[in-house]
Amino acid sequence: MAYVDSKLVESQLNGSFEARDISMKKYLELAKALVTKFAAFEIKQIPRHRNKKADALSKLASLIYDHFTKMVMVEVLERKSTDEVTLMATITEEEDCWMSPFIQYLNEGTLPDDKLEARRIRMRAPMYHFQDGILYRKSFTEPYLRCVGPMQANEIIQEMHEGAYSTHSGYRTIVSRIKRMGYFWPHMYRDTYDLIVIARHVRYMLLSTYLPSTT
């Protein structure tokens, strides 16, 4: 059951109105594609006088008071949902990694022989979703994140730090950008720290070794 504040949207999705605007047609096609995934679907327009709370909540995004951030989570959409998303090309894992037990359990229902490991996989499996050969990390406030293995993670970190998307930011900032790009793996902060901060320290030590002394 979907509730909307627009009579136009309700009528277009029900088929009583026709979408003529190009942008609106894209949204309508996307909405109809999502509707087919439900066994039953109904959309209903809510009158304005019954929609005051939702309307007030939607306007909080235009406010910048600090105390609101502790009460309401506001998501800023950086692109339209109808825009095609181009994912960064990543390399393929050659061996089993942390994703393998989750994929086997979600796809085949099989668990590791070790009881403790099997219990861990069973408890954490609801946090993941497996579809079309890809494992995703679920999120309540963000889109699903595509899970990657260690080789892919290393490639993504290097691309974010030194490649076309590089900003040479701190490791926490880089992890945040990686999540916004739609990727996830366990220990993201630790791996990014190891690859960036420690590598930076090693380069500094090497430079200090070969540079002439100023004393």
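The values are calculated or read from the model by the stated rules, or taken from the named source; none is laboratory data. Just so you know, these numbers come straight off a predicted model, no measurement behind them. As a convention, Cβ positions derive from the backbone with ideal geometry for all residues, glycine included, and neighbour counts pool all protein chains shown.
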Filter segment 92-147 for residues that are among the polar types (S, T, N, Q) and either part of a helix (DSSP H, G or I) or surrounded by 15 or more Cβ atoms within 10 Å (Cβ to Cβ) (or both) and give the result. Ser100, Gln104, Asn107
Pairs where the first residue, in segment 7-19, is farther than 11 Å from Ile43 by Cα and modelled with pLDDT under 90 and the second is surrounded by fewer than 14 Cβ atoms within 10 Å (Cβ to Cβ) and of a type in the set (Asp, Glu), C-beta under 9 Å, 6+ apart: Ala19/Glu29
Could you check how many residues of segment 148-170 are surrounded by fewer than 20 Cβ atoms within 10 Å (Cβ to Cβ) and either modelled with pLDDT under 80 or among the acidic types (Asp, Glu) (or both)? 11
Matching entry among Asp55, Asp114, Asp96, Asp132 (being modelled with pLDDT under 80, out of contact with any Ser or Thr (no Cβ under 6 Å at 6 or more places or on another chain) and not aromatic (Phe, Trp, Tyr)): Asp55
Options Thr90, Thr86; residue that is at pLDDT below 80, within 29 Å of Trp185 (Cα to Cα), polar (S, T, N, Q) and in contact with a helix residue (DSSP H, G or I) (Cβ under 7 Å, 6 or more places away or on another chain): Thr90
